[in-house]
Amino acid sequence: MDTHRFALLGFGNVGQAFARLLMAKSDELLTQLDLNWQVVGIMTGHHGVAINPTGINLESALAMIAAGDSLDPLSAEPAPQNGTDFIRACNADVLFENTPVSYHDGQPAIEHISTALSAGMHAITANKGPVVHAYRELTKLAQAHKRKFFFESAVMDGAPVFSLWRETLPAAELQSFRGVLNSTTNLILTLMEQGKTFEDAVAYTQSIGIAETDPSGDIEGWDAAIKVAALVTVLMGTNLQPSDVERKGVESLRSKDIQSASADGKRWKLICEAERTDTGIATSVRPELLDPTDPLYNVMGTSSAVTFYSDALGPLTVTESDPGPHTTAYGLLADFINSVR
Ligand SMILES: NC(=O)c1ccc[n+]([C@@H]2O[C@H](COP(=O)([O-])OP(=O)(O)OC[C@H]3O[C@@H](n4cnc5c(N)ncnc54)[C@H](OP(=O)(O)O)[C@@H]3O)[C@@H](O)[C@H]2O)c1
């Protein structure tokens, strides 16, 4: 049996959750799927790099990061200068790219993924940037090298959205979708309904590791807009940039707005929508006041949901309750298994 060699580029909330999941699922992967793995490289931005062709001890790597230490002592090779040098030096079979998202150009993740695919590696990411900015190019590159470029965790963490359409809905055309796709703002609105101020609610989302590195991306609707762009680009066949999405975030909502909606039995939600029209695809992200009959009214906390409207089925809703880095990690694992089986 072959051992699949993994390179982890980015070892933050998601990379670390993935390392823990790999260790927890190791026996199942081996006994049920005949899959053996080994991590041969880990790169961070400010916490060092480790490359070891005989395998890196993940317990040690996690303990070192938890202590705020550098991973450098785990390395058997000199530290590479940047992500692309790291990928080439690792000689891995699969790259897991989990660096922070760049909304405006998807870099350096696009370069990382393209380097990995060109070197004959599968490339798997939770990073939305490469999906919206280079989905078609990277997919073509993957096909040319008979490898996979998968990104299930880029939208709704580990819940099946992209693979749902790729694997289980052949010849169905997506006509529109409507959802709550940003966990951070949904939790902020839920906490404000429970009495927290906007500032305290934002600080809490950062403390539990669900807000992006820069929380303004969530609050101003950019994270939601990039998810709309990713879904439209991949599932509706039209390249769409986040800046093309009509966008308004939750920054102007204050406790009094939430409380007065609540007194009327209503709730503010940050709603993401896309719909085919005669002239193209209309998209938006904006706060909407929902009444209790709306299917998204009860999507609370960090939960998210999307309803797909197609020419094949009635409305089809995927709901993910209480996601976190551990569910994002599952999406990466599912992508790996789907890449190699
Ligand atoms: N958190 C979630 O549940 C979630 C859900 C869905 C998708 N995502 C996506 O997953 C990705 C990772 O999220 P995260 O929450 O794990 O972020 P994070 O905690 O900020 O971790 C980012 C990691 O990337 C490293 N890094 C930054 N720049 C780098 C560079 N140029 N080269 C190499 N490593 C670099 C960081 O190292 P240092 O810390 O040393 O700087 C850190 O290890 C993002 O694209 C995010 O949008 C996250």
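Taking (1) assigned to a loop (DSSP other than H, G, I, E, B); (2) crowded, with 17+ Cβ neighbours inside 10 Å in turn, VAL228 satisfies each apart from (1).
For region 290-341, name all the residues that are in contact with a Phe, Trp or Tyr (Cβ under 6 Å, 6 or more places away or on another chain), more than 16 Å from the ligand (Cβ to nearest atom) and among the aliphatic types (A, V, I, L, M). Correct list: LEU290, LEU316.
Checked against the criteria, THR54 does not count as of a type in the set (S, T, N, Q) and either in contact with a Leu (Cβ under 6 Å, 6 or more places away or on another chain) or within 13 Å of the ligand (Cβ to nearest atom) (or both). Test GLY55 against the criterion of being assigned to a loop (DSSP other than H, G, I, E, B) and out of contact with any Cys (no Cβ under 8 Å at 6 or more places or on another chain), and give yes or no. Considered against the rule, which asks whether it is assigned to a loop (DSSP other than H, G, I, E, B) and out of contact with any Cys (no Cβ under 8 Å at 6 or more places or on another chain), GLY55 comes out as yes.
Candidates SER153, SER118, SER102: the one that is among the small types (Gly, Ala, Ser) and more than 9 Å from the ligand (Cβ to nearest atom) is SER118. Among the residues making up region 62-92, those that are in a helix (DSSP H, G or I) and away from the ligand (no atom under 11 Å from the Cβ) are LEU62, ALA63, MET64, ALA66, ASP72, PRO73, LEU74, ARG88, ALA89, CYS90. Among the residues here, THR84 qualifies as over 25 Å from GLY324 (Cβ atoms) and at pLDDT 95 or above. Filter region 165-202 down to the residues that are in a loop (DSSP other than H, G, I, E, B) and within 21 Å of the chain's Cα centre (by Cα), then identify the one that is surrounded by the most Cβ atoms within 10 Å (Cβ to Cβ). It comes out as ASN182.
Each residue in region 145-164 was checked for being of a type in the set (Phe, Trp, Tyr) and out of contact with any strand residue (DSSP E or B) (no Cβ under 7 Å at 6 or more places or on another chain), and 1 pass.
Among the candidates SER114, SER153, SER75, the residue that is in contact (Cβ under 8 Å) with a residue 60 or more places away in the chain, of a type outside the set (Asp, Glu) and either surrounded by fewer than 22 Cβ atoms within 10 Å (Cβ to Cβ) or in the same structural domain as LEU332 (by TED's automatic domain parsing) (or both) is uniquely SER153.
For GLY15, the criteria (1) surrounded by 15 or more Cβ atoms within 10 Å (Cβ to Cβ); (2) in a loop (DSSP other than H, G, I, E, B) hold in every case but one, which is (2).
The values are calculated or read from the model by the stated rules, or taken from the named source; none is laboratory data. Computed from a predicted model, the values in this text were never measured in an experiment. Cβ sites come from the backbone with ideal geometry, for glycine too, and all protein chains shown count toward neighbours.
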